[in-house]
Structures are given as C-alpha cells and as structure tokens.
C-alpha cells in the first residue's frame with residue numbers, strides 16, 4: 001500500500017503530464033536521473049517514493065514540499081510557499097541503496113542551520129547496518145552530547161534513528177518515546193510528548209531530573225527522528241556489574257530491616273493497648 005506522501009507525489013506527476021509540462025513518465029524519470037522502471041513501480045503502487053527522488057522533483061519541477069508532506073497548500077510552490085520547509089538529502093551507494101548518514105557533535109550546529117547545503121550532508125560519514133529494518137526508509141545517526149538523558153543515554157553514545165515524515169507528526173509521535181528533534185538552531189535527544197493537537201507544540205523531557213521540561217513550537221521543528229537503537233562505547237566490566245548487584249542487595253536488606261522495625265513497633269503498640 002502506498003504511503004500518503006507517495007499518493008501526493010503521484011498526483012503531482014499526473015498534474016505535470018496533464019498540463020503538458022512533461023511528455024511522458026519516462027521523460028519525467030530521466031529528467032530526475034531516475035530509472036523509468038523504478039518510477040513505474042511507484043506509479044503502480046508497488047513501492048514508495050524515496051526522499052532523494054522527492055528532493056530532485058522539488059528542485060526540478062517546483063513541487064511544494066508542504067503539500068507533499070502535510071497536504072496543505074498548493075501542489076506546486078507559488079511565491080515563498082514551502083520555502084521554509086526543507087527536504088532531506090540522502091546518500092546512496094553504487095547500488096542506489098541508502099546509507100546511514102552520521103551527524104557527529106561538531107557538525108550538529110551546521111546540521112540545524114536554516115539553509116542546509118546538500119554538499120554538507122554528502123561530506124558527513126556514512127555506514128550501513130545488516131538488519132533489514134535499516135534497509136527500508138531513511139535513517140540517520142547522531143552523537144549524544146551532555147548528560148541530560150542519563151541513565152538511558154550517555155555522552156559518547158550514538159543513536160540510530162528513522163525519519164518521521166512531517167505529515168505524520170501529529171498522529172505518529174508517541175508520548176514518552178525517545179526522538180532526535182532538529183529545531184531551527186539545535187539538535188536534541190529527548191523524550192517527546194505530543195502536544196500538537198492542543199497546542200501546536202512538542203514537550204521535551206530529559207531522563208536526568210536535573211534538567212527542566214520545555215516545549216518547542218511545531219513551526220520551529222525542522223526534522224524528527226525516532227530513536228531505534230543506540231551504539232555505545234561503554235561496556236560495564238564484571239566488577240561494575242558485581243558492585244551494582246551488591247548495592248541493590250544491600251538496599252533491599254536495609255528496606256527489610258526498616259519494615260521489620262515498623263512491624264515490631266506496631267506489635268508493641270497493639271500489645272500495650274490491650
């Protein structure tokens with residue numbers, strides 16, 4: 001089944017043909033440096049449109065990304081419509097499979113910038129993972145900075161994420177799940193609470209209680225990435241695990257002693273009351 005984004009892309013393609021701006025689907029595909037056979041699969045509903053194909057179509061035929069992802073506005077950009085809405089740049093290998101782009105801490109300020117040059121993305125490191133779920137859709141990985149998400153995530157960890165289309169934010173963003181949220185000036189990893197319907201904003205919480213909860217207007221959000229896995233350079237040593245277990249047992253013993261004292265005091269009061 002086609003995604004709603006693919007359906008809107010097909011409608012734009014059909015409109016271009018109807019208005020004579022492209023002579024055929026083959027010409028449309030070739031103008032975007034895309035295989036006509038692959039485009040045919042999309043038009044027949046057998047596969048979804050890729051982010052890279054969308055980006056090229058927006059540049060070549062002025063498709064309105066606001067319409068593509070949210071259904072709002074016109075199919076094609078008029079004036080400044082859709083100019084503040086940015087599409088992802090993806091990196092593919094020789095077989096046209098998407099690579100996972102990694103955004104290290106030094107690059108995150110530039111990544112959150114207002115205008116993101118495709119060459120900036122293409123210069124970032126890329127990799128692939130063997131799991132099939134990372135072969136479908138667009139993925140990014142981000143370095144974790146600071147201690148705001150401890151003990152779930154530590155500085156130096158990397159989170160591997162899947163792209164959440166803007167048109168799905170209102171319905172698909174799940175409360176209390178961890179996401180990477182890219183705003184107009186920052187890249188943050190937080191637990192997100194969806195407040196779009198009632199207040200057009202996202203509530204961002206840290207796992208570290210030292211940090212306050214805050215909200216971000218949806219209009220300031222550039223991208224949202226669902227955290228699917230983490231890659232950590234830290235592996236607890238056997239001694240650390242043993243110490244942790246001992247501490248847990250010690251805490252449990254202390255709790256039992258305190259409860260035992262409470263029971264003894266209660267029995268004494270009951271006996272004295274007789």
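The values are calculated or read from the model by the stated rules, or taken from the named source; none is laboratory data. All values reported here derive from a predicted model rather than from experimental measurement. Here the Cβ is made from the backbone with ideal geometry for all residues, glycine too, and neighbour counts use every protein chain on show.
Residue under question is residue 259, and the condition is that it be outside the structural domain of residue 142 (by TED's automatic domain parsing) and at pLDDT 80 or above; does it hold? Answer is yes for this residue. Does residue 39 meet the test of being at pLDDT 90 or above, surrounded by 19 or more Cβ atoms within 10 Å (Cβ to Cβ) and part of a helix (DSSP H, G or I)? Spelling it out, residue 39 is indeed at pLDDT 90 or above, surrounded by 19 or more Cβ atoms within 10 Å (Cβ to Cβ) and part of a helix (DSSP H, G or I).
For the range 216-255, the candidate set comprises residues that are modelled with pLDDT of 85 or more and over 21 Å from residue 160 (Cα atoms); within that set, the residue that is surrounded by the most Cβ atoms within 10 Å (Cβ to Cβ) is 216.
Criterion applied to 140, 96 was being surrounded by fewer than 15 Cβ atoms within 10 Å (Cβ to Cβ) and either at pLDDT below 90 or within 14 Å of the chain's Cα centre (by Cα) (or both), and the one residue passing it is 96. Residues that are out of contact with any helix residue (DSSP H, G or I) (no Cβ under 9 Å at 6 or more places or on another chain) and outside any strand (DSSP E or B) were ranked within the range 176-198; the one that is modelled with the highest pLDDT is 176. Selection of helices (runs of 4 or more DSSP H) fully inside the range 56-175 by the criterion of at least 2 residues being within 27 Å of residue 203 (Cβ to Cβ), in the same structural domain as residue 198 (by TED's automatic domain parsing) and in contact with a strand residue (DSSP E or B) (Cβ under 9 Å, 6 or more places away or on another chain) returns 105-111, 169-172. The set of residues in the range 217-236 that are assigned to a strand (DSSP E or B) and under 15 Å from the mean Cα position of the chain (by Cα) comprises 221, 222, 223, 224, 225, 226, 227, 228, 229, 230. In this structure, residue 68 qualifies as under 28 Å from the mean Cα position of the chain (by Cα), farther than 18 Å from residue 96 by Cβ and surrounded by 14 or more Cβ atoms within 10 Å (Cβ to Cβ).
All conditions in (1) surrounded by fewer than 16 Cβ atoms within 10 Å (Cβ to Cβ); (2) modelled with pLDDT of 85 or more; (3) under 25 Å from residue 170 (Cβ atoms) hold for residue 57, with the sole exception of (1).
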